[in-house]
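In what follows, a single structure is set out as structure tokens and then discussed.
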Amino acid sequence: MIIDLPKCETKGITIINEFMIIEDQILKIKFPYSFKRAMYTLVYIMKGKHKCFYCSKDILNGKVTLDHIFPQDFGGPTIPNNLQPSCYKCNNEKSNMTPDQYQKFLSLPNMQRKEYLKDLQCIFEFIRKWSDFVLPEGWVQEQQISNIITSISLSEDYKNRKYTSIKEFYKKYNHFQHPLIIDRKNFLLDGFLQLMYAKNYNIEILPVIILENVEVVF
């Protein structure tokens, strides 16, 4: 998929910061700069940080949050296409609802909202059991694990609490909660612990989002 980028010249180089440039419509991120930090930077450049997308109120004192339009609980990636600046109240209230579910929630009288949220929990559990992700068609593909490139620190203890959470989720639902994110040359951008779990348990095919206009440079 193609991620949204700030408007720039069709050809040539646009400098975002010392770690990020856009060259010929390709975002180049200098290794080992944080992928998530890079994505947050792009969102603030393109969408600002002073007005909530949902309630349209001004966000004061720099208290902006970034909401995942398609929720992280169901695979929503941290990319500009899936992030909107929001106030804490709206982000917290929307939680892991999809945009349509949140609009339905807002349209209900206060006395009906609690029951609606209770019904959603049943829907969410059904999705976890029977569907991998709640994302637009075409975002997720499958990739052989042998094709994914990453940098591994042998001194890093990756079997931490988050790794355990990934392990427990996979054992319960037989799929990953999030697709891995890779650049156009198959370098891993996000999902290192899931990749390690897959390697440890001989899982050969992984769900990935390929960012066709992003490239890690060294």
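Just so you know, all these numbers are worked out from the coordinates, no wet-lab data involved. Note that the structure is a prediction, hence the values are computed from the model and not measured. Backbone-built Cβ (ideal geometry, glycine too); neighbour counts: all protein chains shown.
The table for this structure:
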quantity	calculated
Rounded to 5, percent antiparallel among DSSP beta bridges of segment 13-130	100
Relative contact order, percent, segment 141-211 [alpha-carbon distance under 8 Å, six or more residues apart]	46
Two-decimal log10 I(q)/I(0) for segment 93-218, as the Debye equation yields it once each C-alpha is a single scatterer, q = 0.10, 0.13, 0.22 Å⁻¹	-0.43, -0.67, -1.29
Extension gain from Gln144 to Leu193, taking 0.36 nm per residue of separation minus the Cα-Cα distance	16.0 nm
Equivalent-ellipsoid semi-axes of segment 141-211, from the Cα gyration tensor, Å, largest first	18, 15, 10
Listed residues Tyr170, Val208, Gly191: farthest to the positive end of the dipole of segment 141-211 (Cβ charges)	Tyr170
Amide H within-cut-off set for Asp67, under 5 Å, with H built and near neighbours excluded	Gln84, Ser86
Considering only the chain, percent of DSSP beta bridges that pair antiparallel, nearest 5	70
Centre separation in Å (Cα based) which lies between segment 1-44 and segment 184-218	19
Charge sum, other residues only, whose C-beta stays under 14 Å from Phe19's C-beta, Lys/Arg counted +1 and Asp/Glu -1	+1
P(r) weight above 16 Å for segment 33-89, C-alpha pairs, percent	40
Kirkwood hydrodynamic radius of the chain, Cα pairs, Å	19.0
Under 11 Å from the Trp130 label point (7 Å along Cα→beta-carbon), backbone N, segment 58-84	none
Cα pair distances in segment 13-130, grouped into 10 Å bins until the bin that holds the longest one, percent each	12, 35, 29, 17, 6, 0
DSSP loop GluC sites (Glu not before Pro) with at most 14 other Cβ within 10 Å: longest gap in the chain	19-136
Pairwise FRET efficiency - Ile45 versus Cys122, Cβ, R0 = 30 Å, nearest 0.05	0.15
